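The values are calculated or read from the model by the stated rules, or taken from the named source; none is laboratory data. This is a predicted model, so every value here is computed, not measured. All Cβ positions, even for glycine, are placed from backbone atoms using ideal geometry, and neighbour counts span all protein chains on display.
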Amino acid sequence: MSQNAINYIQENKNKFSKEVLKNELQKAGYAEDDIAQSFAVVCGGDVTGDKTQEIGKNFWDFKTKREYTVSGEKNKDFFFGIVSPFILGFIPLVNFVAFPLEIFAIIYLFNRRRYISYGIMSSFALALIFVVVIFVLIIFGHNYF
């Protein structure tokens, strides 16, 4: 266990994922066992580093690339992507502002948090289906009213 590795992890644990930190320490020449012990000291847990999986798992961190390790993370991101445009869309006069922001979010998040992008695209598809159904009912539904 190295004090330099511990300091490095403490300074960067909120900026980068565990995998990135581990790779950088390996490039610097630290042994696998030293890295695991350093993570255990910083994050708590035992020497094998069971609790180190939580480093870099801040949901609101959209800058670093997310490495999905469990399907629950994918589901959370997808649900967030589906719900967020509808929340913005219900606020009056935000629709014109929200559309370019959502396009930007899809592009920005695609390589960082891909499942949020999938969720936003799915919400577009749902909204489009809704608009088409309403349009068809208005145009062709006048015989039934």
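Only residues that are assigned to a helix (DSSP H, G or I) and either modelled with pLDDT under 80 or not charged (D, E, K, R) (or both) were counted across segment 33-60, and they come to 14. Applying a threshold of 6 Å to beta carbon distances and a minimum spacing of six or more residues, or different chains, the list of pairs starting in segment 1-26 at a residue that is in contact (Cβ under 8 Å) with a residue 24 or more places away in the chain and ending at one that is buried (at least 16 other Cβ atoms within 10 Å of the Cβ) and among the aromatic types (F, W, Y) reads A5/Y30.
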